[in-house]
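Read the structure below first, then the notes.
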Amino acid sequence: MIDKTQLYIDGTWTDGVEGRRMPVINPATEEEAATAAVGTAADCDRAIAAARRAFDSGPWPTMNRIERSELLGRFADELRARLDSLAAAITLETGAPSATVRPVHLLAPLAHLDYYVEQARAPEVTTLPLQVNPRPDGTSWLGGSAQVREPVGVVSAITAYNFPFHLNVAKLGPALACGNTVVLKPSPNTPLTAALMAEAAEAAGFPPGVVNVVNGGADVGALMCTDPRVDLVSFTGSEAVGAAVAAQAAPTIKRVLLELGGKSAMIVRSDADLGAAITMGLGSVMTQSGQGCALTTRHLVHADIYDDYVSGLADRVRAIRLGDPADPSTSMGPLISAAQREKVEGFVDDARAAGSTLVTGGGRPDFARGFFVEPTVFADVDNSTRLAQEEVFGPVAAVMSFRDDDEAIAIANDSNYGLGGAIFSADAGRAFEMARRIRTGQVHINGGSGASPGWDPFGGYKRSGLGRELGEAGIADYSEIKTIKYHAG
Ligand code: NAD
């Protein structure tokens, strides 16, 4: 399935200076499924040097934008040619159910990459108006200016484990579309997906050093933030590591983009389509076993329909088919690791101790192997408790009630995070007004548009992050803007 499990630096595959390897654990079996090369400080140094060279003297940043777009398009083609291998790698590394991998993990991000292929063709120069400017001596001066979009330079891209292909595309796409060069460090849990992506980059024919992939943990990640040759750090991961990334990058004043955690609220008004709301609520538990940053894990339900919602959600959650992610009939797989399972179980214990009502789940299924936990629903959750305030990153729903719209918005905003959100209501206008009052980067009304097109920006308020991915805002985050003023007469 995967031929290359080495590092990809400066257009060549390498075992790394020390030849170290790390195990890739299949979370559904707890077995070592493969090994992958791990980079050291020396490998990281080589990758950054290659990216710097490719930026400073290579053809990439100054390449004609049509040619650059074509190369990015070839990258998309090469990724599409590897869909089967990528799907198998994602299921093996993350435990994602195979039924969800193609549509959610692969095809949606590939559509985002297509958007970046288009964006790469956009003119990088905008002409601003000519002006006649009076001077103190009574003469005048004719002049104008142009605004030029340029790449920032060398990008360190550091990603999380839960949607490895999507997260890597979300950084490579805009960074490359703007003419930056990239050192990508995937999560230590997901080197196989990243190796396939490096293989696709090699086949697409990017100049050496434009795309580099170095596996490693916090040591390599830290160097990618502190190295003065790096211009921009784009990070997706937890709030705690995001804060460390910002601190590491601060002394050299790098631009820092952070896509961090969330504790998003779904508001279900009394006039809502209850079935549709329950389906989204189910998704927040089941999707990637609850390991999703923008999942609406706080379910705020109007008191008049609260009991119906809780029992309806619990019924759907009990029907989740938990099991082998390679089996196409499985709807929910394992968590990523034993440590993550323990963390989730700690939340369950705390929620019980805090007086929340356990409606279903809360334990481990009776499986011989795998980092599985039961999908779980807690009702009567107080928004001040740990379950409501901290990111679980596991299949645990926190359901609570409200009496009016103001109270719902107050609870939704009573969070350090601000990533996603949802409102269900028959009154779409009222829901739109409420969406305006929620302090998060995205709000879905009645299930949203049903898609995540490339032009919809994504990112967080508050401790959910800095900057935006996708859309024009995403391109701006990977660009410098230069104003060139000229004298015309
Ligand atoms: P994590 O923060 O533990 O690790 C993320 C990455 O940071 C990994 O590649 C890791 O090796 C690296 N890293 C660790 N220490 C570092 C350091 N000191 N300097 C630089 N890099 C370092 O996150 P995770 O457990 O892989 O992923 C889960 C988290 O990611 C959740 O909080 C989730 O909400 C978040 N996430 C956010 C988004 C988003 O778009 N907002 C998307 C997916 C995941």
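The values are calculated or read from the model by the stated rules, or taken from the named source; none is laboratory data. Model, not experiment: these values are computed from the prediction. Here Cβ is always computed from backbone atoms with ideal geometry, including for glycine, and neighbour counts include all displayed protein chains. For accessibility, only protein heavy atoms count, side chains too; no ligands or nucleic acids. Shrake-Rupley method; radii C 1.70, N 1.55, O 1.52, S 1.80 Å.
Here are the numbers:
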{"item": "Tabulated pairs, region 453-467, first among the polar types (S, T, N, Q), second open to solvent by less than 10 Å² (accessible area, probe 1.4 Å) and within 13 Å of the ligand (Cβ to nearest atom), C-beta under 6 angstrom, 6+ apart or interchain", "result": "464/262; 464/418; 464/419"}
{"item": "Residue within region 298-306 that is within 18 Å of residue 266 (Cβ to Cβ), in the same structural domain as residue 421 (by TED's automatic domain parsing) and within 16 Å of the ligand (Cβ to nearest atom) present", "result": "yes"}
{"item": "Residue in region 352-375 that is open to solvent by less than 40 Å² (accessible area, probe 1.4 Å), aliphatic (A, V, I, L, M) and in a helix (DSSP H, G or I) present", "result": "no"}
{"item": "Hey, residue 278 part of a helix (DSSP H, G or I), surrounded by 18 or more Cβ atoms within 10 Å (Cβ to Cβ), among the hydrophobic types (A, V, I, L, M, F, W, C) and over 21 Å from the mean Cα position of the chain (by Cα) or not", "result": "yes"}
{"item": "Selection within region 381-420 - hydrophobic (A, V, I, L, M, F, W, C) and in a helix (DSSP H, G or I)", "result": "387, 388, 408, 409, 410, 411, 412"}
{"item": "So residue 284, is it surrounded by 21 or more Cβ atoms within 10 Å (Cβ to Cβ) and part of a helix (DSSP H, G or I)", "result": "yes"}
{"item": "The one condition in (1) in contact with a strand residue (DSSP E or B) (Cβ under 6 Å, 6 or more places away or on another chain); (2) in a helix (DSSP H, G or I) that residue 378 fails to fulfil", "result": "(2)"}
{"item": "Any hit, region 478-487, residues being within 12 Å of the ligand (Cβ to nearest atom) and either on the phi > 0 side of the Ramachandran plot or surrounded by 19 or more Cβ atoms within 10 Å (Cβ to Cβ) (or both)", "result": "no"}
{"item": "Any hit, region 199-210, residues being within 16 Å of the ligand (Cβ to nearest atom), open to solvent by less than 10 Å² (accessible area, probe 1.4 Å) and in contact (Cβ under 8 Å) with a residue 12 or more places away in the chain", "result": "no"}
{"item": "Complete set of residues in region 317-351 that are open to solvent by 30 Å² or more (accessible area, probe 1.4 Å), farther than 25 Å from residue 29 by Cβ and touching a helix residue (DSSP H, G or I) at 6+ places or on another chain (Cβ under 7 Å)", "result": "350"}
{"item": "Residues (surrounded by fewer than 20 Cβ atoms within 10 Å (Cβ to Cβ) and more than 17 Å from the chain's Cα centre (by Cα)) located in region 228-245", "result": "228, 229, 244"}
{"item": "Residues that are surrounded by fewer than 18 Cβ atoms within 10 Å (Cβ to Cβ) and either without any contact (Cβ under 8 Å) to a residue 12 or more places away in the chain or among the β-branched types (Val, Ile, Thr) (or both), drawn from region 63-108", "result": "64, 66, 67, 70, 84, 103, 107"}
{"item": "Options 119, 131, 147: the member that is more than 16 Å from the ligand (Cβ to nearest atom), polar (S, T, N, Q), part of a helix (DSSP H, G or I) and in the same structural domain as residue 180 (by TED's automatic domain parsing)", "result": "119"}
{"item": "Residue 179 within 14 Å of the ligand (Cβ to nearest atom), open to solvent by less than 10 Å² (accessible area, probe 1.4 Å) and assigned to a loop (DSSP other than H, G, I, E, B)", "result": "no"}
{"item": "Unique match (being among the hydrophobic types (A, V, I, L, M, F, W, C), in the same structural domain as residue 245 (by TED's automatic domain parsing) and not in a helix (DSSP H, G or I)) among 481, 475, 423", "result": "481"}
{"item": "Residue list for region 293-316, restricted to those being touching a helix residue (DSSP H, G or I) at 6+ places or on another chain (Cβ under 8 Å), open to solvent by 10 Å² or more (accessible area, probe 1.4 Å) and part of a loop (DSSP other than H, G, I, E, B)", "result": "295, 297"}
{"item": "All positions within region 435-472 that are open to solvent by less than 30 Å² (accessible area, probe 1.4 Å) and in a helix (DSSP H, G or I)", "result": "435, 471"}
{"item": "Per-region count, region 145-177, residues hydroxyl-bearing (Ser, Thr, Tyr) and over 16 Å from the mean Cα position of the chain (by Cα)", "result": "1"}
{"item": "Residue, farthest from residue 73 (Cα to Cα), within region 127-154, restricted to residues that are surrounded by fewer than 13 Cβ atoms within 10 Å (Cβ to Cβ) and hydroxyl-bearing (Ser, Thr, Tyr)", "result": "139"}
{"item": "Residues within region 27-62 that are assigned to a loop (DSSP other than H, G, I, E, B), buried (at least 17 other Cβ atoms within 10 Å of the Cβ) and not β-branched (Val, Ile, Thr), tallied", "result": "6"}
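Residue by residue, here is whether (1) near the ligand (Cβ under 10 Å from one of its atoms); (2) in the same structural domain as residue 402 (by TED's automatic domain parsing); (3) out of contact with any Lys or Arg (no Cβ under 9 Å at 6 or more places or on another chain) holds:
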| position | (1), (2), (3) |
| --- | --- |
| 229 | no, no, no |
| 239 | yes, no, no |
| 243 | yes, no, no |
| 247 | yes, no, yes |
| 275 | no, yes, yes |
| 278 | no, yes, no |
| 288 | yes, yes, yes |
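The rows are residues; the columns are (1) buried (at least 20 other Cβ atoms within 10 Å of the Cβ); (2) within 16 Å of the ligand (Cβ to nearest atom).
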site	(1), (2)
386	no, yes
396	yes, yes
399	yes, no
407	no, no
